[in-house]
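Undergrad: Mind looking over this structure? Questions follow.
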Amino acid sequence: MKALTQQPAFKALQEHFEGIKTAHMKDMFQADPQRAKRYFLKNGSVSLDYSKNRIDDTTLKLLRDLATECGLAEKIQAMFSGEKINSTEERAALHTALRYQGQEPIFVDGLDVLPQVRQVLERMEKFSDMVRCGEWLGYTNQVITDVVNIGIGGSDLGALTVCKALHHFASPRLNMYFVSNVDGTQIQGVLDKIHPETTLFIVASKTFSTQETLTNALSARQWFLAHALNEAHIAKHFVAVSTNKEAVQAFGIDTQNMFSFWNWVGGRYSLWSAIGLSIMIYLGKQNFKDLLCGAYEMDQHFKNAPFECNMPVILALLGIWYINLFDAGSHLIAPYDQYLRYFPRFIQQLDMESNGKSTTLEGQAVDYDTGPIIWGDLGINAQHAFFQLLHQGTHISPIDFIVSLSKEGHLPGHHDILVSNMFAQAQAFMQGKDYNLAYQELLEAGKSAEKARTLAHHRVFSGNRPSNVILLDTICPKSVGALIALYEHKIFVQGVIWNINSFDQWGVELGKELAVDILARLKGEGLTKPQDASTEHLIEVYSAFNKGL
Ligand code: F6P
């Protein structure tokens, strides 16, 4: 494929950009009373207001042309049909098969993957039913009250995010914990709260070779055996979720208690697979199915809707507009919902591990920017923390605001306040406040003209800072499933435009490799090759500090 910067549509966009880059959104709204309604989409329980972007109809058309020139339609087709689009690992990227609700087969290497997907789903359902209704008993015949998911990255964040987002659908009888950090204080903190006779550990790891997960799982196993004394009891208290049967066996977990998935499921795209076992146990099988259905609805929309009303495509193209034309290096995720507090962190992995690449599919270095730095937090808290920079700082970071429409279940008054703040922030970022208004307000507040003239400069808001507003009807399994799928597809579209592989993650490997030798040095084991001067010095300082320990 031609480099992005050489695509005719990209050159047309650059030209168009020169004409529109200083235009103010305030004026765009004034010129087009229908803008808010025209730049608004709804699909199922998810709506997108993208009117507060520095775009016009020409921008959108040129962006769509770019998508077409980059072969987006063909790439979408390739992904859904199981082609090995993860070329560096020679794998399909078929997370959509995990939530597929139709009857058509989906082939990988000539084999329809759906029967195995449904078989694992059924096993998960049976198992989670047993745990939830108290039929699955621990080694002293007590019911399970605590479930601990041990995993990291994609084997942690997706399930954690969904469990927290849908906490109000969870079984009140079960406590769910997530352990990811190899810092022993995390697992110790959990072990201090639970009891070996009533706890189920889910060891979740696609490769079953991840150091942090295996170390935590071993500590859990030791803690358990210190009480249970008999390895035969492990079967009642440890299950594994993995693609690696041999490693699960070697770890000492009976493969009867293993839930499989496949190498065509990327780690950060795996919450829909058996990696979602913790979700299913916590929320129940119907809620898990609804989560899958919500994602499926978004899949269908993405696959079939024309680009001009395709939510993931529009979000992706807007991102391209800011990253590649406005040089915006970051993107903020701001949920206005306490239950969605882990969502920014989840999207951080999903986006940055997918599109944090600088080599094209053909192995060339890119000469344009790719995936942005994703950051974020609960919007309402961020307003009182870092929003200052977003309003008046020198950087532009487009924002996704996310909130639920429904007030149901909220304490009286709270949701209106939350939503009014979110709407107000999006408005302030768009409109800003000019010098004259700031000056007038200061005079009205009793300041002298001289004082007001100086102070007004500090109270100016340039505005024209872009944001999307994503509205979920309610926070429910379907809407959360659709929301996550929306971002998955947005990220995929951007990867297509940048001509990179969104489904590998070679960038995480180097550090893992280097840590092996360094760990051997810290433990004083054997001869290892010398490190660079800085690392040698750090090892010396650490070892000297811990001498004798
Ligand atoms: O180190 C990064 C990574 O490989 C992620 O891509 C993955 O989600 C995570 O580690 C966990 O890997 P695993 O599920 O194999 O333990």
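Undergrad: Just give me the residues in the stretch 252-278 being within 12 Å of the ligand (Cβ to nearest atom) and either under 19 Å from PHE127 (Cα atoms) or not aliphatic (A, V, I, L, M) (or both), in sequence order.
TA: Hits for the stretch 252-278 are PHE261, ASN263, GLY266, GLY267, ARG268, TYR269, SER270, LEU271, SER273, ALA274, ILE275.
Undergrad: Looking at VAL162, VAL113 in this structure, which one is out of contact with any Lys or Arg (no Cβ under 8 Å at 6 or more places or on another chain) and closer than 30 Å to GLU362 by Cβ?
TA: Values: VAL162 fails: closer than 30 Å to GLU362 by Cβ.
After ruling out the rest, the residue left standing is VAL113.
Undergrad: From LEU332, LEU315, which residue is under 28 Å from ALA12 (Cα atoms) and under 13 Å from the mean Cα position of the chain (by Cα)? I'd like the intermediate steps shown before the answer.
TA: Values: LEU315 fails: under 13 Å from the mean Cα position of the chain (by Cα).
The match here is LEU332.
Undergrad: Is there a residue being exposed (fewer than 12 other Cβ atoms within 10 Å of the Cβ) and not hydroxyl-bearing (Ser, Thr, Tyr) anywhere in the stretch 472-488?
TA: no
Undergrad: Going by the conditions given, is GLN440 under 22 Å from THR370 (Cβ atoms) and either within 16 Å of the ligand (Cβ to nearest atom) or part of a helix (DSSP H, G or I) (or both)?
TA: Numbers: under 22 Å from THR370 (Cβ atoms): no; either within 16 Å of the ligand (Cβ to nearest atom) or part of a helix (DSSP H, G or I) (or both): yes.
Criteria not met by GLN440.
Undergrad: Okay, moving on. Go through (1) closer than 25 Å to ARG465 by Cβ; (2) open to solvent by 80 Å² or more (accessible area, probe 1.4 Å); (3) assigned to a helix (DSSP H, G or I) one by one and return the number of the condition LYS11 breaks.
TA: Failing condition for LYS11: (1).
Undergrad: Taking the stated definitions as given, is GLY19 in contact (Cβ under 8 Å) with a residue 40 or more places away in the chain and either surrounded by fewer than 19 Cβ atoms within 10 Å (Cβ to Cβ) or small (Gly, Ala, Ser) (or both)? Steps first, answer last, please.
TA: Values: in contact (Cβ under 8 Å) with a residue 40 or more places away in the chain: no; either surrounded by fewer than 19 Cβ atoms within 10 Å (Cβ to Cβ) or small (Gly, Ala, Ser) (or both): yes.
The answer is no for GLY19.
Undergrad: Residues of the stretch 493-512 being in a helix (DSSP H, G or I) and away from the ligand (no atom under 16 Å from the Cβ), which ones? I'd like the intermediate steps shown before the answer.
TA: Taking the stretch 493-512 and keeping what is in a helix (DSSP H, G or I), we get 493-498, 506-512.
Within the stretch 493-512, VAL493, GLN494, VAL496, ILE497, TRP498 qualify.
Undergrad: Please note which helices (runs of 4 or more DSSP H) are completely contained in the stretch 50-113 and include at least 2 residues that are in contact with an Asp or Glu (Cβ under 8 Å, 6 or more places away or on another chain) and crowded, with 19+ Cβ neighbours inside 10 Å.
TA: It comes to 57-69, 95-98.
Undergrad: If you don't mind, there's one more thing I want to ask. May I ask you to list the residues in the stretch 385-414 that are among the charged types (D, E, K, R) and touching a residue at least 12 places away in the same chain (Cβ under 8 Å)?
TA: Those that are among the charged types (D, E, K, R) and touching a residue at least 12 places away in the same chain (Cβ under 8 Å): ASP400, GLU408.
Undergrad: Here's another thing I want to ask about it. Please count how many residues of the stretch 274-287 are open to solvent by less than 10 Å² (accessible area, probe 1.4 Å) and either without any contact (Cβ under 8 Å) to a residue 60 or more places away in the chain or touching a strand residue (DSSP E or B) at 6+ places or on another chain (Cβ under 8 Å) (or both).
TA: Taking the stretch 274-287 as the starting set, the residues that turn out to be open to solvent by less than 10 Å² (accessible area, probe 1.4 Å) are 274-281, 283-284.
Remaining after also requiring either without any contact (Cβ under 8 Å) to a residue 60 or more places away in the chain or touching a strand residue (DSSP E or B) at 6+ places or on another chain (Cβ under 8 Å) (or both): 274-275, 277-278, 281.
Residues in the stretch 274-287 being open to solvent by less than 10 Å² (accessible area, probe 1.4 Å) and either without any contact (Cβ under 8 Å) to a residue 60 or more places away in the chain or touching a strand residue (DSSP E or B) at 6+ places or on another chain (Cβ under 8 Å) (or both): 5 in total.
Undergrad: Can you confirm whether ILE374 is buried (at least 17 other Cβ atoms within 10 Å of the Cβ), farther than 16 Å from VAL469 by Cα and within 21 Å of the chain's Cα centre (by Cα)? Steps first, answer last, please.
TA: On the way: buried (at least 17 other Cβ atoms within 10 Å of the Cβ): yes; farther than 16 Å from VAL469 by Cα: yes; within 21 Å of the chain's Cα centre (by Cα): yes.
Here the answer is yes, as ILE374 does meet what is asked.
Undergrad: Now for a different question. I'm trying to understand the selection: among the residues of the stretch 218-246, which are part of a helix (DSSP H, G or I) and β-branched (Val, Ile, Thr)?
TA: If the condition is that a residue be part of a helix (DSSP H, G or I) and β-branched (Val, Ile, Thr), then ILE234 is the only one that fits.
Undergrad: Follow-up. Please verify whether ILE347 is open to solvent by less than 10 Å² (accessible area, probe 1.4 Å), within 17 Å of the chain's Cα centre (by Cα) and within 16 Å of the ligand (Cβ to nearest atom), treating the condition exactly as stated.
TA: So ILE347 fits the description; yes.
Undergrad: Can you go through LYS126, LYS84, LYS164 and tell me which one is basic (Lys, Arg) and in contact with a strand residue (DSSP E or B) (Cβ under 8 Å, 6 or more places away or on another chain)?
TA: Numbers: LYS126 fails: in contact with a strand residue (DSSP E or B) (Cβ under 8 Å, 6 or more places away or on another chain); LYS164 fails: in contact with a strand residue (DSSP E or B) (Cβ under 8 Å, 6 or more places away or on another chain).
Only one candidate passes the filter, namely LYS84.
The values are calculated or read from the model by the stated rules, or taken from the named source; none is laboratory data. Source: prediction; values computed, not measured. Here the Cβ is made from the backbone with ideal geometry for all residues, glycine too, and neighbour counts use every protein chain on show. What goes into the accessible areas is simple: the full protein's heavy atoms, side chains included, and nothing from ligands, DNA or RNA. Shrake-Rupley method; radii C 1.70, N 1.55, O 1.52, S 1.80 Å.
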